[in-house]
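Q: Can you keep this structure in mind? I'll have questions shortly.
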Amino acid sequence: MKDLYELLGVSRTASAEEIKAAYRKLARELHPDVNPGNTAAEERFKEVSQAYAILSDDEKRAQYDRFGTTDIPSGGMQGDFFQGSINDLFEMFFGTAGGAQRRTVGRDGEDVRVDLQLTLLEVLTGVQREVTYRKMGHCPSCSGTGAAPGTSPETCPSCQGQGVVIRVQSTFLGQVRTQITCSTCSGEGRIVKDKCPSCRGRGLKAEDAVATVDIPPGVEHGSHMHFPGRGGDPVGGGVPGDLYVFLNVTDDSRFVRQGPDLLTSVAISFPQAALGDSITIDGVETDVELEIPAGTQPGTRFKVRGAGLPRLRGAHRGDLYVDVTVRVPERLNEGQAKLLRDFAEASGDETPKGQAGLLGGLFKKKR
Ligand SMILES: [Zn+2]
Ligand SMILES: [Zn+2]
């Protein structure tokens with residue numbers, strides 16, 4: 001067992017006030033809600049809470065001081081108090097929760113996710129899609145009450161239909177009233193005695209739902225649209241779930257997307273690069289004319305303004321960038337080779353040795 005005073009960072013002669021202050025500080029640093037997924041912090045939080053449970057109790061502290069241990073069962077205190085949220089902790093310390101406490105009687109509907117596949121052209125234009133999805137809807141036999149036909153749910157006697165009960169706890173700050181979910185009715189505020197046979201008392205059955213989704217131009221791959229209240233139906237006084245439509249954009253091998261801009265490449269011949277040309281390349285929706293100026297070098301990037309994708313809720317479209325590569329002919333006949341040698345000579349370049357060398361001869365035989 002670790003030294004409890006050390007755990008809280010206080011001296012053995014610390015006053016109750018000092019111990020309380022030390023614990024408050026540590027608890028706020030180490031609470032699992034502040035450190036999601038951090039198991040080391042969670043472990044320390046438990047240790048610190050346990051140390052505080054002992055040292056804040058005069059009798060247990062005296063016992064610990066004398067024997068170096070107490071008979072407090074492990075997990076005793078934090079099991080009662082600190083499984084809750086950070087709000088519960090703040091409430092304990094400051095009397096009010098960090099956020100407004102919302103408690104509805106009943107069960108909230110489930111959120112539903114739908115995935116849609118879009119083409120680049122649909123990203124360009126925007127599109128309206130009708131999506132059909134499965135959700136939990138109110139059972140038609142019992143209209144969502146969960147009670148057998150001819151019967152109705154009864155108000156929960158434990159919580160008088162509130163779904164919560166008030167627990168009064170003694171803490172180091174005095175008595176604290178905490179709302180906890182009623183265990184008799186699981187927070188629903190009502191109890192179904194005769195269960196609806198169709199939904200076995202759940203009040204819900206899976207059903208098809210349809211939503212019309214207006215996808216604006218310019219959406220990104222992996223983004224989603226949120227439709228509050230279009231998910232599963234609630235039970236009792238809960239709120240309906242939400243529908244999330246995730247948008248996936250199918251890869252288009254012709255383009256690489258960078259936000260509103262598109263990247264593409266085109267291969268032109270050496271004469272085209274040298275003499276210049278006007279070529280047609282693929283755009284998203286229509287062909288795009290591209291002027292190749294004389295003397296274009298391999299790797300040159302051209303920009304076709306406004307031929308990219310629209311920005312989401314933006315005024316104008318992004319651009320299309322075209323990377324130019326220059327094709328070098330792989331095989332030449334004798335006439336072509338002679339022309340190129342003559343060209344090199346006319347350019348004042350050293351005449352290439354070409355296939356006269358041994359390696360060239362070997363390649364020739366292979367082909
Ligand atoms: Zn039913
Ligand atoms: Zn209840």
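Q: How big is the antiparallel share of DSSP beta bridges in the chain, given as a percent to the nearest 5?
A: So the antiparallel bridges in the chain amount to around 75 percent.
Q: Moving on. By count of other Cβ within 10 Å, fewest leading, how are Val192, Val123 ordered?
A: In increasing order of surrounding Cβ atoms, one gets Val192, Val123.
Q: Net charge around Asp282, counting only other residues with Cβ within less than 13 Å of its Cβ (Lys, Arg = +1; Asp, Glu = -1)?
A: -3
Q: Given a Förster radius of 22 Å and the C-beta distance between Ala294 and Leu340 as r, what FRET efficiency does 1/(1 + (r/R0)^6) yield to the nearest 0.05?
A: Computed FRET efficiency for Ala294 and Leu340: 0.75.
Q: Okay, moving on. Skipping prolines and chain starts, which residues have an amide H placed within reach, meaning under 5 Å, of the one on Asp261, given they are 5 or more residues away or on another chain?
A: Leu309, Asp319
Q: Using mean Cβ contacts within 10 Å as the protection proxy, how do 255-265, 214-224, 174-184 order, highest first?
A: 255-265, 214-224, 174-184
Q: Order of 229-241, 147-159, 293-305 by packing, highest average Cβ count within 10 Å first?
A: Order by mean packing, descending: 229-241, 147-159, 293-305.
Q: Sticking with this one: Which value, in debye to the nearest 20, describes the size of the charge dipole of the chain about its Cα centre when Lys and Arg Cβ atoms bear +1, Asp and Glu Cβ atoms bear -1, and nothing else is charged?
A: Using only the charged Cβ atoms, the result is roughly 500 debye.
Q: Ignoring everything except DSSP H segments at least 4 long, calculate the 222 nm mean residue ellipticity for the chain; use -39,500 (n - 2.57) per segment, divide by total residues, nearest 500.
A: Taken over the chain, the calculation gives -7500 deg cm²/dmol.
Q: Now for a different question. In the neighborhood of Gly37, defined by Cβ-to-Cβ distances under 15 Å, what is the net charge if each Lys or Arg adds +1 and each Asp or Glu adds -1?
A: Within the 15 Å Cβ shell, the charges total -2.
Q: If you don't mind, there's one more thing I want to ask. Step through the table entries Lys46/Lys135; Lys25/Lys60; Lys135/Lys193; Lys135/Lys195, compare each Cα-Cα distance with 29 Å, and write down the pairs that go over it.
A: Beyond 29 Å: Lys46/Lys135.
Q: Now, a different point. With axes computed from alpha carbons, what is the tilt in degrees of helix 58-67 against the longest principal axis of the chain, rounded to the nearest 10 within 0 to 90?
A: For 58-67 against the chain, the angle is about 80 degrees.
Q: Right, something else. Counting other beta carbons within 10 Å of each residue's own, what order do Lys353, Lys46 fall into, fewest first?
A: Lys353, Lys46
All of the numbers you see were taken from the coordinates with simple rules; none came from a lab. Quantities reported herein were computed from a predicted structural model and do not represent experimental measurements. A quick note on method: Cβ atoms are made from the backbone with ideal geometry, for glycine too, and the neighbour counts reach across all protein chains shown.
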